[in-house]
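Peer 1: Below are the structure tokens for one structure; questions will follow.
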Amino acid sequence: NTIVVRCQNDGMGGGGWYAGPIALYSKTAFESDESTTSLFTEDSFESKYAASAQGLEGTVDNKYLVYVPDGYYDSEKYYPTVYLMHQYNSDHTSYIIDDVDVLIDEAIKQALIDEMIVVVPNSSESSWWRGDWMKMVTEELVPLIDANYRTIDDARYRFTAGCSMGGQGAYGVALTNPDLFSMVASAWFESIK
């Protein structure tokens with residue numbers, strides 16, 4: 001059998017493919033591949049705002065990822081928290097594919113950044129982190145994370161970050177909620193020629 005994959009560059013560089021090795025996997029094979037082990041843990045919570053954003057009544061089970069620094073479970077230390085919003089046409093797992101957890105871990109080990117807890121909420125692929133999606137982060141997820149992890153519950157130690165749609169969302173969430181967040185990191189990636 002022959003499988004042909006055609007990829008068209010959208011003019012922004014990269015053509016939409018993640019860095020290699022590039023391979024085609026079944027979901028089962030991908031999940032069983034040892035190289036896909038992540039430093040993120042995935043959890044979920046019942047969200048009325050995620051339900052409302054999708055036009056549903058009641059609550060829906062909404063997933064999120066959490067990264068904690070090495071030694072978290074062996075200490076009593078409290079940590080700053082970063083809420084990392086995902087991009088357009090993706091979900092919270094895109095940061096696993098991009099090895100962002102590994103990059104964070106290496107940067108901490110090299111003392112390039114301070115130890116922190118990183119939370120990656122999930123939203124619809126085109127949420128722009130507005131309306132009920134923003135409320136899901138600020139009114140449901142932030143209190144949940146503060147109650148279940150050793151975070152520094154202070155806006156001076158709580159930040160937002162993201163890329164593309166997530167970068168726009170990081171600005172919107174933080175600037176609309178200065179009582180919860182004090183810093184924003186936003187990026188837009190382009191190919192450098």
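Peer 1: Regarding segment 181-190, can at least one residue be identified that is without any contact (Cβ under 8 Å) to a residue 40 or more places away in the chain, in a strand (DSSP E or B) and touching a Gly at 6+ places or on another chain (Cβ under 6 Å)?
Peer 2: yes
Peer 1: Another question, then. I'd like to check something: does segment 172-180 contain any residue that is loosely packed, with under 13 Cβ neighbours inside 10 Å, at positive phi and assigned to a loop (DSSP other than H, G, I, E, B)?
Peer 2: Looking through segment 172-180, none of the residues is loosely packed, with under 13 Cβ neighbours inside 10 Å, at positive phi and assigned to a loop (DSSP other than H, G, I, E, B).
Peer 1: With over 25 Å from T176 (Cα atoms), β-branched (V, I, T) and either buried (at least 20 other Cβ atoms within 10 Å of the Cβ) or at pLDDT 95 or above (or both) as the only criterion, which of V142, V100, V119 stands out?
Peer 2: Just one listed residue meets the conditions, V100.
Peer 1: Hey, another quick one. Could you please give the count of residues in segment 81-95 that are open to solvent by 40 Å² or more (accessible area, probe 1.4 Å) and within 11 Å of the chain's Cα centre (by Cα)?
Peer 2: Result for segment 81-95: 2.
Peer 1: Has segment 159-170 got at least one residue that is in a strand (DSSP E or B), surrounded by 15 or more Cβ atoms within 10 Å (Cβ to Cβ), touching a Ser or Thr at 6+ places or on another chain (Cβ under 6 Å) and among the aromatic types (F, W, Y)?
Peer 2: No; the residues of segment 159-170 include none that is in a strand (DSSP E or B), surrounded by 15 or more Cβ atoms within 10 Å (Cβ to Cβ), touching a Ser or Thr at 6+ places or on another chain (Cβ under 6 Å) and among the aromatic types (F, W, Y).
Peer 1: What's the number of the condition G14 fails, among (1) closer than 26 Å to S164 by Cα; (2) modelled with pLDDT of 95 or more?
Peer 2: Going through the list (1) closer than 26 Å to S164 by Cα; (2) modelled with pLDDT of 95 or more, G14 breaks only (2).
Peer 1: What single numbered condition from (1) among the aliphatic types (A, V, I, L, M); (2) part of a helix (DSSP H, G or I); (3) without any contact (Cβ under 8 Å) to a residue 12 or more places away in the chain fails to hold for L112?
Peer 2: Going through (1) among the aliphatic types (A, V, I, L, M); (2) part of a helix (DSSP H, G or I); (3) without any contact (Cβ under 8 Å) to a residue 12 or more places away in the chain one by one, L112 breaks only (2).
Peer 1: Hey, another quick one. Report every pair of residues separated by at least 6 positions or lying on different chains whose Cβ atoms are under 6 Å apart, first residue within segment 75-90 and at pLDDT 95 or above, second hydroxyl-bearing (S, T, Y).
Peer 2: P80/Y157; T81/T151; Y83/T160
Peer 1: Same structure, new question: May I ask you to list pairs of residues, at least six apart or on different chains, whose Cβ atoms are under 9 Å apart, with the first in segment 131-158 being of a type in the set (G, A, S) and the second being crowded, with 19+ Cβ neighbours inside 10 Å and part of a helix (DSSP H, G or I)?
Peer 2: Once the first residue is of a type in the set (G, A, S) and sits in segment 131-158, its partners that are crowded, with 19+ Cβ neighbours inside 10 Å and part of a helix (DSSP H, G or I) give G131/Y49; G131/A53.
Peer 1: Residue pairs, Cβ under 9 Å, 6 or more apart or interchain, first in segment 94-109 and part of a helix (DSSP H, G or I), second β-branched (V, I, T) and open to solvent by 50 Å² or more (accessible area, probe 1.4 Å). List them.
Peer 2: Short answer, once both residue conditions are applied: I104/I113; A107/I113.
Peer 1: Would you check if W133 is crowded, with 17+ Cβ neighbours inside 10 Å, touching a helix residue (DSSP H, G or I) at 6+ places or on another chain (Cβ under 7 Å) and part of a loop (DSSP other than H, G, I, E, B)?
Peer 2: No.
The values are calculated or read from the model by the stated rules, or taken from the named source; none is laboratory data. The model shown is predicted, which means the values in this text are computed figures rather than measured ones. Don't worry about glycine lacking a Cβ; one is built from the backbone with ideal geometry, like all the others, and counts go over all protein chains shown. Keep in mind that these areas ignore ligands, DNA and RNA; they rest on the heavy atoms of the full protein, side chains included. Shrake-Rupley method; radii C 1.70, N 1.55, O 1.52, S 1.80 Å.
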